[in-house]
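Rule-based calculations on the coordinates, nothing more; no lab input. Keep in mind it's a predicted model, so treat the numbers as computed, not measured. Note: ideal-geometry Cβ built from the backbone for every residue, glycine included; neighbour counts use all protein chains shown.
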Amino acid sequence: MKKPLAATKKAKRQRIKTQRKFSKSARRGKLRKYAKDKIIEVRQARQNKSNGRFDKIRNDWLRDREMRQNDSDSDYSDNEEEEYKEVVKQQKEEEEDENEEMDLEEIKKHFLSFGGFEEEKEMLLPIKIASLPNLTNLDDQQLKELYTKLVEEAKIKIATNAELIIADPNENISKFRILLKMAFGEDLTPLIREDIQKLATATLSEVFVNILPGYKIHTLTDVEKGQKMKKETK
């Protein structure tokens with residue numbers, strides 16, 4: 001016969017209260033050895049009971065799997081073979097996709113290491129906003145306000161770095177990486193990522209249009225032609 005729900009809840013509250021009392025006494029070093037041994041004994045009994053349930057579930061699962069395996073071996077069909085081939089095909093496609101992603105990462109790494117200069121860490125840090133709320137908890141009006149604020153800060157960052165590059169490309173060549181990171185969408189919240197990527201990409205195009213005329217392509221001199229070129233590999 002099951003105990004009434006009220007009695008069960010009362011017993012649970014009493015057990016929790018007793019556990020807290022014993023824990024508090026143990027922290028203060030006021031728990032007697034007999035009580036400590038009794039607590040260990042109760043915990044061990046509870047653990048054994050839990051392990052017993054786990055073993056039972058595990059054994060049932062193993063028996064069920066063995067039965068399914070026997071049925072599968074006896075009733076194997078061409079349809080199942082086709083399904084197996086399809087699974088293998090999907091695995092190969094996933095591996096190819098992973099390899100393509102790795103290639104893209106290598107390309108991105110190459111561009112972000114442009115110039116071979118040390119990164120200016122402070123400039124490469126993401127836009128900081130104090131106590132940025134979780135986007136899932138914001139209503140439409142709050143999302144709109146946050147979007148406007150983040151976009152404005154990103155625009156200022158893009159414009160500042162673009163102006164520095166145009167003013168002195170040689171001194172500010174590392175600023176290219178900042179714009180490249182933004183064009184790749186790194187360190188940007190999903191709320192503004194796509195828009196800022198487009199803006200950063202367009203800005204980079206304008207920057208190149210402005211600075212490229214200042215770099216003239218000249219033919220090699222006789223001295224330069226005579227120099228032995230060394231190709232570094234890493």
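Quick rundown of the values:
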quantity: Residues listed by number, region 6-23, amide nitrogen under 19 Å from ARG32 label point at 7 Å toward C-beta; calculated: 18-23
quantity: Theoretical gain in end-to-end length, LYS21 to GLU206 [0.36 nm per residue, Cα-Cα removed]; calculated: 59.5 nm
quantity: Flagged links, alpha-carbon separation over 32 Å, of LYS56/LYS89; LYS89/LYS181; LYS30/LYS56; LYS10/LYS56; calculated: LYS56/LYS89; LYS89/LYS181; LYS30/LYS56
quantity: Mean Cβ count within 10 Å, highest first, over the residues of peptides 178-188, 146-156; calculated: 178-188, 146-156
quantity: Spin-label pair LEU138/GLU171, simplified geometry with 7 Å Cα→Cβ offset, distance in nm; calculated: 3.7
